1. If I model a spin label as a point 7 Å beyond the Cα along the Cα-Cβ vector, how far apart are those points for ARG38 and ALA70 in nm?
2. Going by the alpha-carbon gyration tensor, a ≥ b ≥ c the square roots of its eigenvalues, is segment 20-130 rounded (a/c under 1.5) or, if a/c is not under 1.5, prolate (a/b greater than b/c) versus oblate?
3. By the scheme Lys and Arg +1, Asp and Glu -1, what is the net charge of all other residues having a beta-carbon under 12 Å from that of ALA20?
4. Could you state the angle between the C-alpha long axis of helix 29-40 and the longest principal axis of the C-alpha atoms of the chain, as a value from 0 to 90 degrees rounded to the nearest 10?
5. Got a number for carbon plus sulfur as a percent of the chain's accessible area, 1.4 Å probe?
6. Quick one: Debye curve from the C-alpha atoms of segment 3-232, no solvent, what's log10 I(q)/I(0) at q = 0.09 Å⁻¹?
7. Relative to the longest principal Cα axis of the chain, at what angle does helix 105-115 sit, 0 to 90 degrees, rounded to 10?
8. Considering only DSSP states other than H, G, I, E and B, which GluC sites (Glu not before Pro) in segment 21-126 qualify as loop sites with at most 16 other Cβ atoms within 10 Å?
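The values are calculated or read from the model by the stated rules, or taken from the named source; none is laboratory data. Remember, predicted model here, so these are calculated numbers, not experimental data. We place every Cβ from the backbone using ideal geometry, glycine too, and count neighbours over all the protein chains shown. Just the protein is used for accessible areas: all its heavy atoms, side chains included, with ligands, DNA and RNA removed. Shrake-Rupley method; radii C 1.70, N 1.55, O 1.52, S 1.80 Å.
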Amino acid sequence: MSAAEVDMARYRLGKALVVAIDGPSGSGKSSVSKETARRLHASYLDTGAMYRAVTWYCVNTGVDLADAAAVEQACKDVDLQISTNPDDEFVRIGSTDITDEIREPSISASVSAVATTLGARAELVRRQQQIIADSGRRIVAEGRDITTVVAPDAEVRLLLTASEEARLRRRGLQLGGTQSDADLHEQVLARDAKDSTVVNFSEAADGVFTVDSSDLDFEQTVEAVLAVVRHAAH
Ligand SMILES: Nc1ncnc2c1ncn2[C@@H]1O[C@H](COP(=O)(O)OP(=O)(O)OP(=O)(O)O)[C@@H](O)[C@H]1O
Ligand SMILES: Nc1ccn([C@H]2C[C@H](O)[C@@H](COP(=O)(O)O)O2)c(=O)n1
């Protein structure tokens with residue numbers, strides 16, 4: 001067994017391991033974090049899915065996304081359930097499964113309204129911290145403020161970046177080539193610009209490692225993240 005495999009085996013034996021991953025849209029946070037969680041036999045939390053779910057709830061119950069007090073109240077009221085099993089992902093509002101609907105471009109276009117409502121963020125951060133505690137602190141959690149606000153005490157904190165060109169290309173491929181350049185720009189770069197008015201996910205905070213995936217393929221990126229985990233979690 002290699003040293004790396006011995007490390008991983010130790011973590012499998014129940015040691016706390018919170019891996020916090022932030023980064024801009026299309027950098028690969030969700031897909032890379034999910035695979036990292038599988039390899040570490042840990043839970044997985046997609047916090048962006050929670051912002052998307054609240055957006056879906058507001059849109060589908062007539063909550064005005066421009067009304068900050070109403071959005072904050074919606075965050076408190078919503079019966080939101082999210083899976084932390086990387087092999088069985090779901091997002092539900094009550095008994096309605098919205099796993100696929102929250103990925104629609106219409107939700108991507110509106111989600112910044114929730115993400116930039118500070119009262120909504122406070123409630124979602126509270127729920128995310130509870131989910132991390134409920135996991136027994138063995139979880140890979142990803143988003144925009146995990147390394148700085150949600151889990152600044154995580155054993156491993158990492159910023160996953162990629163060039164704008166790589167992120168636009170990846171999102172275009174992911175959406176099957178159905179989006180125009182202008183739509184992709186709006187969904188990736190313009191959304192990041194809005195979201196970054198309330199959280200900083202373009203620079204690594206003190207003690208946060210950076211992995212730049214611009215010139216790495218998916219497998220190489222997962223390996224780079226696992227290398228940081230091995231290094232940082234010692
Ligand atoms: N290193 C990589 N090389 C090539 N493609 C990648 C790489 N990492 C991720 N991808 C692909 O890029 C697409 C976008 O990745 P993903 O959805 O994980 O990004 P994200 O950072 O979570 O985006 P968002 O924050 O907008 O949800 C996916 O199709 C994913 O498979
Ligand atoms: N911790 C987080 C996670 C997500 N957001 C915002 C930013 C995005 O516009 C939106 C959806 O996230 P995605 O699914 O694209 O990763 O939620 C945030 O502000 N903080």
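1. Going by the 7 Å Cα→Cβ label model, 4.1 nm.
2. Numbers: a/c = 1.74, a/b = 1.65, b/c = 1.05.
In terms of gyration-tensor shape, prolate.
3. Every neighbour counted, the sum reads -1.
4. Computed tilt is about 40 degrees.
5. On the way: 5290 of 10590 Å².
Carbon with sulfur: 50 percent of the solvent-accessible area.
6. -0.35
7. 80
8. On the way: sites: GLU35, GLU72, GLU89, GLU101, GLU123; in loops: GLU89.
Sites meeting the loop and neighbour criteria: GLU89.
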